[in-house]
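Structure record follows, encoded as structure tokens.
The values are calculated or read from the model by the stated rules, or taken from the named source; none is laboratory data. Not measured: the values here are computed from a predicted model. Neighbour counts are summed over all protein chains in view; Cβ atoms, including those assigned to glycine, are modelled from backbone coordinates with ideal geometry. For accessibility, only protein heavy atoms count, side chains too; no ligands or nucleic acids. Shrake-Rupley method; radii C 1.70, N 1.55, O 1.52, S 1.80 Å.
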Amino acid sequence: EVTGSLTLGTGATACIHLLPPLLQQLREKHPLLRVGVTTGNTMDIVRGVEENRLDLGLVTLPASGRALDIMPVMDEEFVYVIASEQSQSEAFSALTPQALHALPLIAFESGSGTRTLIDMWFHTSGLQISPVMQFGSIEAIKRMVRAGLGYSIIPRMAVEHPADREGLNVRSLTPILHKQIRIVMRQDKILSKGISEVIR
């Protein structure tokens, strides 16, 4: 039987929308394995892994650190969301940085890996963004968008289920924007059975 305890650090979006069914399966298969989860931004999680406060990190690239193993998990598409009753998005055949730049953006807070990727998506077209609101919570962003206060660019996993996209119009961006989700751990970490099962 796989036993012991370990700690996993991840972003709030993955914690809410990705981890619950995976952790449920893990608990059913290995009831004696205890997995603690903490949330934070990519930099904080990488630092926690480096300092051995966290066994594993599930983070958005870019992520860099000293002597880390970085393992691919999945690529996640970012999508445009706006309140269902607002038809701004219908005016554009393609949701490009140029088309969206003048509209009110409700964004992730500065310093997060997700925000860095969105900034870079605009920056490749020579544009800088000035969000009307910034939040660290995906759910806060979605509530503000539903209230008709602007649009946002968020991971598709946050609107994958019908209940999560209620009241929202969801469309792909042009060019498509992806984030790379990876597991990070120290290269010198002893690969226990518990860690191996979590990675698997």
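Counted over all Cα-Cα pairs of region 115-200, pairs farther apart than 22 Å make up 45 percent.
Of the solvent-accessible surface of the chain, computed with a 1.4 Å probe and all protein chains present, 52% belongs to carbon and sulfur. Counting only Cβ charges, +1 for Lys and Arg and -1 for Asp and Glu, the dipole size of the chain around its Cα centre is about 240 debye. Using only side-chain charges placed at the Cβ, +1 for Lys and Arg and -1 for Asp and Glu, the dipole size of region 98-200 relative to its Cα centre rounds to 240 debye. For region 1-146, the alpha carbon convex hull comes to 140 Å³ per residue, rounded to a whole number. Within the shell of other residues whose beta carbon sits under 13 angstrom from the beta carbon of Leu105, the net charge comes to -1, with Lys and Arg scored +1 and Asp and Glu -1.
Comparing Leu173, Leu33, Ile153 along the charge dipole axis of the chain, the residue lying farthest to the positive side is Leu33, per the Cβ-charge model. Spatially, region 12-53 and region 152-172 are offset by 23 Å when compared through their Cα centroids. From the residues Pro21, Leu56, Leu191, which one has its Cα farthest along the dipole of the chain in the positive direction, the dipole being from +1 and -1 charges on Cβ of Lys/Arg and Asp/Glu about the Cα centre? It is Leu191, whose Cα lies furthest towards the positive end. Per residue, the accessible area of the chain comes to 51 Å², computed with a 1.4 Å probe over protein heavy atoms only. Taking each DSSP H run with n ≥ 4 as -39500 (n - 2.57) and averaging over every residue of the chain yields -7500 deg cm²/dmol at 222 nm.
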